[in-house]
Amino acid sequence: MKTAELPDRGIAVLIDGFVLAFVCEAINKVLIIPTIHLGGMELNSTALLGLIVPVIYYGLMEGSIAGATFGKQAMSLRVVTLDGQRLSYPKAFWRAVTRLIPLGWLLALGDKGRALHDFAAGSKVVTTDDEAE
C-alpha cells in the first residue's frame, strides 16, 4: 500500500469541508440550538456544530468498511492501521477528535506523511488505486 500524497489529502479535505459545511448549514436551518455560555466564552450553534459534526462524520466514515470519507473516496484514499487493516471505530473516533488540534497536520509534511491524528490513532492514509490491480 502506497502512502497518500499530500496534495491528494488536501483535495480530500476540501471536498469534506464542502460536505461538512452543507450538513452543518442544513442542521442549523432545522434545529434551534441555544448558545452555551462557558465562563467568559460563548459557543453558538455554528461553533458547536463545527466541533461535533466533523467528529461524527470522520469517525463514522473512516471506521466504516470503506475506511474513507466522501473526499477520500473521491481521491481514491483510505485510512488504515499501520499494518493495513481496517481502522476500528474507537480508533477512528479518536483520530477524528485529535483532528481538532490546530496545526496537527503539519507533521504530515515529514518523511512519513502522517499527521498528528494519524500518530494518535496508529493510522495512515493510503491510496486505493493499488487494490484494483
- Message: Condition first: hydrophobic (A, V, I, L, M, F, W, C) and either in contact with a Gly (Cβ under 7 Å, 6 or more places away or on another chain) or more than 14 Å from ASP8 (Cβ to Cβ) (or both). Now tell me which residues in region 102-124 satisfy that.
- Response: LEU103, LEU106, LEU107, LEU109, ALA115, LEU116, PHE119, ALA120, ALA121
- Does ILE52 fit the bill of being surrounded by fewer than 18 Cβ atoms within 10 Å (Cβ to Cβ), of a type in the set (Val, Ile, Thr) and touching a Ser or Thr at 6+ places or on another chain (Cβ under 7 Å)? no
- All positions within region 2-51 that are in a helix (DSSP H, G or I), small (Gly, Ala, Ser) and over 14 Å from ALA74 (Cβ atoms): ALA21, ALA26, SER45, ALA47, GLY50
- Message: Only one of GLY84, GLY113, GLY67 is crowded, with 17+ Cβ neighbours inside 10 Å, on the phi > 0 side of the Ramachandran plot and modelled with pLDDT under 95. Can you tell me which?
- Response: GLY113
- Query: Looking at region 22-33, is at least one residue among the β-branched types (Val, Ile, Thr) and either surrounded by 19 or more Cβ atoms within 10 Å (Cβ to Cβ) or under 18 Å from LEU116 (Cα atoms) (or both)?
  - Reply: no
- Which of the residues spanning region 70-79 are of a type in the set (A, V, I, L, M, F, W, C) and either surrounded by fewer than 18 Cβ atoms within 10 Å (Cβ to Cβ) or out of contact with any Gly (no Cβ under 6 Å at 6 or more places or on another chain) (or both)? PHE70, ALA74, MET75, LEU77
- Task: Check ASP130, ASP118 and return the single one that is at pLDDT below 95, closer than 14 Å to LYS2 by Cβ and not in a strand (DSSP E or B).
- Result: ASP130
- When LEU60 is evaluated against the numbered criteria (1) assigned to a helix (DSSP H, G or I); (2) surrounded by 15 or more Cβ atoms within 10 Å (Cβ to Cβ), which criterion, by number, is the only one it fails? (2)
- Item | Output for region 36-55, where each listed residue is without any contact (Cβ under 8 Å) to a residue 12 or more places away in the chain and of a type outside the set (D, E, K, R) | HIS37, LEU38, GLY39, GLY40, MET41, LEU43, ASN44, ALA47, ILE52
- Message: Which condition from (1) in contact with a helix residue (DSSP H, G or I) (Cβ under 7 Å, 6 or more places away or on another chain); (2) buried (at least 17 other Cβ atoms within 10 Å of the Cβ); (3) of a type in the set (A, V, I, L, M) is the one that ALA4 breaks?
- Response: (1)
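The values are calculated or read from the model by the stated rules, or taken from the named source; none is laboratory data. All of these numbers come straight from a predicted model, not from anything done at the bench. Because the Cβ atoms are built from the backbone with ideal geometry, glycine has one as well, and the counts that use them run over all protein chains shown.
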